[in-house]
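Report on the following structure.
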Amino acid sequence: MLTCGRFTLSTDAPLVMGIVNATPDSFSDGGRYVAADAAIAHGLALVAEGAHILDIGGESTRPGAHTVADDEEIARVVPVLEGLRDAGVPLSVDTRKPAVMRAALAAGADMLNDVGGFRDPQAAAAAAGHPSCALVVMHMRGEPRTMQLEPPTYGDVVAEVRDWLAERCTQLQAAGIASDRLVLDPGLGFGKTVDQNFALLARLDALRALGYPVLAGLSRKSMIGAVTGRPVEARLAGSLAGALAAVSRGATLLRVHDVAATVDALAVWHHVQLSL
Ligand code: HH2
């Protein structure tokens with residue numbers, strides 16, 4: 001079970017997190033849903049397609065992206081949260097900023113998704129100040145603006161990411177956050193080479209062994225483009241294959257752009273599991 005704000009989610013079957021990017025510059029859908037109305041309509045459409053969670057973002061984290069001011073990000077995210085509050089699913093906010101986290105929680109967010117892994121003590125404090133929001137603790141080296149500029153070096157990428165996440169969880173629990181509020185994420189595409197991303201995907205079971213639900217975010221990413229040779233708008237089939245590889249290795253949450261197709265793929269995968 002995952003405690004997630006107003007909700008308690010069963011982690012027995014995979015959950016689909018639909019992406020709502022209220023940003024002008026996200027890598028695959030930037031600019032399409034900047035207006036709050038468009039983002040809200042997109043979120044409702046994703047729920048109708050079967051999304052179990054919506055992840056609302058007001059700042060792109062694509063490699064090279066520049067950071068936006070707190071006020072600007074809050075102005076992008078809060079109206080969308082308010083408009084989706086009665087959509088019937090938990091609302092996650094994708095942010096690294098403590099001020100945005102606090103504003104989002106005040107506006108009813110159920111989950112905080114921090115690509116910085118709550119390294120900032122103020123971010124951890126913002127989460128700890130809420131009694132029940134879930135936290136997605138993602139691994140990232142450096143920050144989005146610079147993370148792909150220097151080739152990342154790891155000895156054993158799987159062990160290093162696992163140990164880093166385990167340490168973050170220990171610290172967050174010491175800050176008063178119960179273990180049933182935590183989700184781990186290897187941070188595919190964040191300061192990692194294609195080979196490192198695939199090593200992490202292949203060994204998600206090593207993260208799952210820490211005992212927390214695992215989230216995989218690979219939808220339309222360049223790791224899919226690297227092996228299929230496809231541009232970002234033609235990566236659905238590759239993304240679905242990656243999604244099924246992730247759940248086969250223990251991932252519980254999939255962060256995706258293409259909700260309907262992912263829900264169908266998971267339904268078939270789940271039926272196979274039930275038929276064993
Ligand atoms: N990936 C992106 C953004 N946020 N959060 C988590 N927990 N895991 C991820 O893998 C992840 C994430 C990048 O994807 P997208 O939101 O489509 O693009 P952008 O960051 O450019 O808005």
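The values are calculated or read from the model by the stated rules, or taken from the named source; none is laboratory data. Bear in mind the structure is a predicted one, so any value in this text is a computation, not a measurement. Using ideal geometry, Cβ is built from the backbone for each residue, glycine included, and neighbour counts are taken over all protein chains shown. Calculation scope for accessible area: heavy atoms of the full protein, side chains included, ligands and nucleic acids excluded. Shrake-Rupley method; radii C 1.70, N 1.55, O 1.52, S 1.80 Å.
Screening Ala202, Ala245, Ala265, Ala209 for residues that are of a type in the set (Gly, Ala, Ser), over 16 Å from the mean Cα position of the chain (by Cα) and surrounded by 17 or more Cβ atoms within 10 Å (Cβ to Cβ) leaves exactly one candidate, Ala265. Look at region 124-144: where a residue is at pLDDT below 95 and a partner is not hydroxyl-bearing (Ser, Thr, Tyr), sitting 6+ places away or on another chain with Cβ atoms under 6 Å, you get Met140/Val115; Met140/Gly187; Met140/Phe190; Met140/Gly191; Arg141/Pro152; Arg141/Gly191; Gly142/Gly191; Pro144/Ala65.
The single condition from (1) in contact with a strand residue (DSSP E or B) (Cβ under 7 Å, 6 or more places away or on another chain); (2) in contact (Cβ under 8 Å) with a residue 60 or more places away in the chain that Leu184 fails is (2).
Residues in region 148-187 that are at positive phi and either within 19 Å of the chain's Cα centre (by Cα) or open to solvent by 70 Å² or more (accessible area, probe 1.4 Å) (or both): Gly187 only.
Within region 55-93, the set of residues being within 16 Å of the ligand (Cβ to nearest atom) and more than 30 Å from Glu150 (Cα to Cα) comprises Arg76, Val77, Val80, Pro90, Leu91, Ser92.
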